[in-house]
Amino acid sequence: MKRLTAWVEAGLKQLLFVLMLLIAVSVIWQVISRYVFGDPATWPDEVARFSMIWVALLGGVYVYAQDKHLAVTILPERWAGSVRGHLLQMTFHVLVALLGVLAIAGGASVATTNFVNGQLSSVLNINMGYVYVAVPVTGALLVLYAICFIVERWRSACALKEVRNGY
Amino acid sequence: MAIETWTALTLFGIFFALLFVGFPVAFGVALSSIAAMIVYADFDTALNVAGQGLATGVEGTAFLAIPLFVIAGNIMNTGSIAKRLIDFTKIVAAPLPGPLAHCNIIASTLFGALAGIASAAAIAVGGTIFPHAKREKYEPEFMAAVNAAAAPAGLLIPPSGSLILFSLYSGGTSIAALFVAGYLPGMLWGLSCIVPALYFTIKNKYPREKVTSWSYALRATWNALPSLGLIVILIGGIVTGAFTATEAAGMAVFFSFLLSFAYRELKLSEIPRIFIDSVVPSAICLFLVACSGIMGWVLNYASIPEMISQVILDASSNKVILLLLINLMLLVVGTFLDLTPALIIFTPMLMPVFAQLGMHPVHVGIMMVFNLCIGLITPPVGTLLFVSCSIADIPFQRIIPRVLPMVFALIAALALVTFVPEISLFVPRQLGLIQ
């Protein structure tokens, strides 16, 4: 499990780097092609926008994996290192797993509808299903990390309890 | 009760409950919106809205400016752009007592005019100026407070990621108008930091420096000229309509690369690191935007903003009292919630109220950003206070007494911005961007 998540995180990092680079290069090229070559390119807008949807969603997973999402951390910090602190965090991860499942279900239906209808983007003629499929993929990755975190918190909580009972 | 009321209660009940126990804001927005959608319609519709909302929430070219500003800010942080700006500000600040503190404030404001995100300014300027201030025996708590308090000025002075978010969530307020509208309030922000800082440095008898020589002034200006020129290109481009805000952000990336290469401060091999460092701050914001996509559907379906507007307007018919109450509420929200989520969540909800009160959307945008920026430096959870303390290497509690005078000055300034619309509207009106 640990090795799988580490591997996924490394993969995400590479992929996100490429997507960020694509965003920057497309937008810069859009301006340069218009002002320097006087012939505005049409592809950059869609490339940048579709890359951004993937960055937003997969990036959300990456941030979750590193526990860097914005939160009001007053209560978790007060309870940090205690059994109930671990149980609180465990509940959070259960809720994230729930959200992941909802995203898989909802995203899959939206993506399939687009694949079946053959909805194409206006410039690049990409099937929009390839854009929307980011949602179920994100859901699946959220579930994967959530399970990993739940197990981790459960073990820490149990270990703490044992130490207490030992006294 | 009507179904819309139940929907709104589910949305807010779950959202605030999750928020205060410490659940990540983005996930809380998504879950509470899905729950509200189940109440309003049924489970299948809610699933569909969740799938649709997550993907379409970040649709739109204007959001691209956000990751691009983060990248540009990171590039500028690696090089000497901050140092050049600080040297430049010494020309003005040298005759004041404790010039480094005032340099910090003015340089943060200028850096904000390049970077568009507040933490970039706090890190770049603070990181450069603190070692210097330590050698000259400035109190580190005071310097950390000054650095934190001055950084949000950059979110009012264009280009500004926050004003772009406001433009998108308020239903398309002109970005060019918002940008130029931010100049005077941004300077007012800087002034609200300088006045308490000046009082402190005079009271504690900080030494002045010699007035800078002409040759120093010329050299410092020459060194800062490329960076200052970049500001003119970017904002000039946006105001005249030559660039969109997104294209300007792209150009900020491009030119800051060129500058860093020209100054020989950036190696090609560092580019992957800069982009990877930019992923987390960009994704924090963009994922929130994606999740708020679901909320957008719910708000629309159940006409929640109109409902809130009705409730608030029923509470009082006095515009002054309402504005005071709304500002007070936003100040409290901003204390707990970071600027970005607060802006994304509350802008669409409050716009109908402001429209009813007859306020110009540009004025509303500046007021909201100004207000929520104060939250970034209000104890106990101000983001910028943490950033600044970690650079200055001091414990968090010790910055609080030093930053409070500036927070009070800024709240007074907020009252001015709220009740004197001309502070926000004068410049865009002069440039013909609004009527």
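Coordinate-derived values only; no laboratory data. This one's a predicted model, so the numbers in the text were calculated from it and none came from an experiment. Backbone-built Cβ (ideal geometry, glycine too); neighbour counts: all protein chains shown.
Expressed as an acute angle from 0 to 90° and rounded to the nearest 10, what is the orientation of the C-alpha long axis of helix B:183-203 relative to the principal long axis of chain B?
Taking the Cα atoms of chain B, the angle to B:183-203 is about 50 degrees.
If Rh is defined by the Kirkwood formula over all Cα pairs and Rg also comes from Cα, what ratio Rg/Rh do you get for chain A?
With Rg and the Kirkwood Rh in hand, the quotient comes to 1.13.
I'd like to know which of B:108, B:197, B:359 lies farthest towards the positive end of the charge dipole of the protein assembly as shown, counting +1 on Cβ of Lys and Arg and -1 on Cβ of Asp and Glu.
Final value for the positive-end residue is B:197.
For region B:1-56, what size does the Cα cloud have along each of its three principal axes, sorted from largest down, in whole Å?
For region B:1-56, the Cα extents along the three principal axes come out at 32, 28, 15 Å.
Measure off 7 Å from each Cα along the Cα-to-Cβ vector at residue B:135 and residue B:270, then give the distance between these two points in nanometres to one decimal.
2.1
What number do you get for the protein assembly as shown when its Cα radius of gyration is normalised by 2.2 N^0.38 Å, N = residues?
Normalised Cα radius of gyration, the protein assembly as shown: 0.97.
Would you give the gap between the C-alpha center of region A:128-167 and the C-alpha center of region B:280-332, rounded to a whole Å?
32
Taking the number of other C-beta atoms within 10 Å as the exposure measure, put B:247, B:59 in order starting with the fewest. Before the final figure, lay out the partial values.
Working: B:247 23, B:59 16.
Starting with the residue having the fewest Cβ neighbours, the order is B:59, B:247.
If the reach is capped at under 26 angstrom between alpha carbons, list the lysines near residue A:2, excluding any in the same chain fewer than eight residues apart.
Hits, sequence-local ones excluded: A:13, A:68, A:161.
At R0 = 35 Å, how high is the FRET efficiency between residue A:77 and residue A:3 if r is their beta carbon distance? Nearest 0.05 is fine. Can you show the working numbers first?
Details: r = 30 Å, r/R0 = 0.87.
Working from the Cβ atoms, E equals 0.70.
For chain B, set up a Gaussian network in which alpha carbons nearer than 10 Å are linked by springs, and say which option among B:212, B:340, B:128 fluctuates the most.
Among B:212, B:340, B:128, the largest mean-square fluctuation in the Gaussian network model of chain B belongs to B:212.
Evaluate peptide A:27-39: per residue, the Cβ atoms of other protein chains within 10 Å of its Cβ; return the mean as an integer. Don't skip to the answer; put the middle values down first.
On the way: counts 14, 9, 2, 5, 10, 3, 0, 3, 5, 0, 0, 0, 0.
Mean inter-chain Cβ contacts per residue within 10 Å come to 4.
Rounded to two decimals, what ratio of Rg to Rh does region B:180-261 give with C-alpha atoms and a Kirkwood Rh?
My calculation of the ratio gives 1.11.
When you count, for each residue, the other Cβ atoms within 10 Å and take the mean per peptide, how do B:349-357, B:219-227 rank with the highest first?
Peptide ranking by packing, descending: B:349-357, B:219-227.
Taking beta carbons within 10 Å but only from partner chains, what does the mean come to for residues B:58-64?
Average per residue, whole number: 6.
Can you work out D for region B:70-128 in µm² s⁻¹ from Stokes-Einstein, where Rh is the Kirkwood radius over C-alpha pairs, the temperature is 20 °C and the viscosity is 1.002 mPa s?
Rounded, D is 192 µm²/s.
Which Cα, out of B:261, B:295, B:342, lies furthest along the positive dipole direction of region B:232-352 (beta carbon charges, K/R +1, D/E -1)?
Result: B:261.
Describe numerically, in nm with one decimal, the distance between label points set 7 Å from Cα along Cα→Cβ at residue A:154 and at residue B:209.
Those two pseudo-labels are separated by 6.1 nm.
Which length gain, in nm to one decimal place, applies between residue B:386 and residue B:44 when the Cα-Cα distance is subtracted from 0.36 nm times their residue separation?
Taking 0.36 nm per residue and subtracting the Cα distance, the gain is 118.8 nm.
About the Cα centre, and with charges only on the beta carbon of Lys, Arg (+1) and Asp, Glu (-1), how big is the dipole of region A:37-167? Nearest 20 debye, please. Don't jump to the answer; show the numbers that get you there.
Numbers: 8 positive and 7 negative charges, 147 e Å.
Using Cβ point charges on Lys, Arg, Asp and Glu, region A:37-167 gives about 700 debye.
Let's see if you can work this out: charge +1 on each Lys and Arg Cβ, -1 on each Asp and Glu Cβ, no other charges. What is the dipole magnitude of chain B about its Cα centre, in debye to the nearest 20?
1760
Charges on Cβ only, +1 for Lys and Arg, -1 for Asp and Glu, centred on the Cα centroid of region A:1-119; of A:21, A:80, A:50, which one is farthest towards the dipole's positive end?
A:80
Which of the helices in chain A meet the span-like rule: DSSP H, Cα axial reach of 24 Å or more, Kyte-Doolittle mean at least 1.0?
In chain A, the long hydrophobic H runs are A:2-35, A:83-117.
What list do you get for A:77, B:306 if you sort them by fewest beta carbons within 10 Å?
Fewest-to-most Cβ neighbours within 10 Å comes out as A:77, B:306.
With a cut-off of 8 Å between alpha carbons and a minimum separation of six or more residues, what is the relative contact order of region B:1-56 in percent? Please report the intermediate quantities before stating the final value.
Values: 39 pairs, mean separation 20.1, N = 56.
Relative contact order here is 36 percent.
If you line up the Cα atoms of chain B on their principal axes, what length do they span on each, largest first, in Å?
That gives 72, 48, 46 Å along the principal axes, largest extent first.
What angle, in degrees between 0 and 90 and rounded to the nearest 10, separates the Cα long axis of helix B:383-392 from the longest principal axis of the Cα atoms of chain B?
30
Which of the aspartates and glutamates could a cross-linker span from residue B:137 if the Cα-Cα distance has to be under 17 Å and same-chain partners fewer than 8 positions apart are dropped?
B:209, B:393
What percent does the relative contact order of region A:2-165 come to when contacts are Cα pairs within less than 8 Å and at least six residues apart?
Working: 167 pairs, mean separation 40.6, N = 164.
25 percent.
How big, on average over all directions, is the shadow cast by the Cα convex hull of region B:258-379, in nm²?
Its Cα hull, projected and averaged over all orientations, spans 10.6 nm².
How big is the dipole moment of region B:27-164 about its Cα centre under a simple scheme where the beta carbon of each Lys and Arg is +1, that of each Asp and Glu is -1, and everything else is neutral? Debye, nearest 20, please.
Numbers: 6 positive and 7 negative charges, 154 e Å.
Roughly 740 debye for region B:27-164.
Once you put a point 7 Å from the Cα of residue B:233 and another 7 Å from the Cα of residue B:216, both along the Cβ direction, what distance in nm separates them?
3.0
Calculate how steeply helix B:25-40 sits against the longest principal axis of the alpha-carbon atoms of chain B, using the helix alpha-carbon long axis, and give the answer as 0 to 90 degrees to the nearest 10.
Tilt of helix B:25-40: around 20 degrees.
Under the rule of -39500 (n - 2.57) per DSSP H run of 4 or more residues, summed and divided by the residues of the protein assembly as shown, what mean residue ellipticity at 222 nm is obtained, to the nearest 500 deg cm²/dmol?
Details: 28 runs with 475 residues, N = 602.
For the protein assembly as shown, the value works out to -26500 deg cm²/dmol.
For q values of 0.12, 0.13, 0.19 Å⁻¹, compute log₁₀ I(q)/I(0) with the Debye formula on a Cα-only model of region B:312-388, without solvent.
-0.34, -0.39, -0.77
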